[in-house]
Amino acid sequence: MSTIKENIENVKANIKAACERSGRNIDEVTLIAVSKTKPVPMLMEAYDAGMRDFGENKVQEILDKYDKMPSDVRWHMIGHLQTNKVKYIIDKVCLIHSVDSLHLAQEISKQAAKRDITMDILVEVNVAGEESKFGTSLSDLKELVKSIAALPNLRVRGLMTVAPYVVDEEENRSIFANLYQNCVDITSDLSDNSTRGCFDSDRPLLSMGMTGDYRVAVEEGATFVRVGTGIFGERDYSISI
Ligand SMILES: *Cc1c(COP(=O)(O)O)cnc(C)c1O
């Protein structure tokens, strides 16, 4: 069995190769270690191997791990976020990837204002229109981004998607290409897209690609890939943290 460190090196090498194939600069791509269901010692192994970006999909799990990990970790909320839980993580995460309604964005804006901070968010899009998935439809996207971008104490930095599960990652190429194009079209209209936060970049941020399809996602313009199994191994949901 390979170690977490070896897995990270392997994923990074694949990202580098995908950047070379598509003529992209590797500095544009941030690898997020998706550590949901995994215990802190495993996260620390990834941390010691150089990882600083960690993705979680449950508020409680972020709260449990937050104090046990070094303070320079950047936490990414990548899962469905209930409005009533925004207040618990608003000052702990650097980017919320999974904003899919105006209602949720309004609560994020309100909680950020209370703490006098500005929260960076991505709008989650259900590109393939799968019933089981969260995210706004492509047809509602533009209106939603416009309404959200008007809120104070929040910056729309780009888009996120969870692509369908496929055996051959090529099948998701058109989904990623589609999201990239929408990201370019929509976020270029936003005024202050270039500003600070955890990720100082004048490009729109695009969170797409998981263990099964991150290579293709990078080729199609991902700036964040979210890799869990490929770093930490299979998840066992029966174990509680
Ligand atoms: C679990 C999860 C991932 C990581 O999935 P793997 O296939 O294990 O890499 C990525 N994104 C989201 C939103 C997830 O919930």
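The values are calculated or read from the model by the stated rules, or taken from the named source; none is laboratory data. Here the structure is a predicted model, which means the values were calculated and not measured. Don't worry about glycine lacking a Cβ; one is built from the backbone with ideal geometry, like all the others, and counts go over all protein chains shown.
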- Quick one: what pairs do we get from region 213-229, first residue more than 9 Å from the ligand (Cβ to nearest atom) and in a strand (DSSP E or B), second of a type in the set (Ser, Thr, Tyr) and modelled with pLDDT of 95 or more, C-beta under 7 Å, 6+ apart or different chains? 224/30; 224/207
- Item | Count - residues of region 100-140 that are within 19 Å of residue 60 (Cβ to Cβ) and either of a type in the set (S, T, N, Q) or in contact with a helix residue (DSSP H, G or I) (Cβ under 9 Å, 6 or more places away or on another chain) (or both) | 4
- Taking region 168-212 and keeping only residues that are basic (Lys, Arg) and at pLDDT below 95, one is left with 196, 203
- Note on the structure: Scanning region 107-151 for residues that are over 17 Å from the mean Cα position of the chain (by Cα), of a type in the set (Asp, Glu) and not in a loop (DSSP other than H, G, I, E, B) gives 107, 140, 143
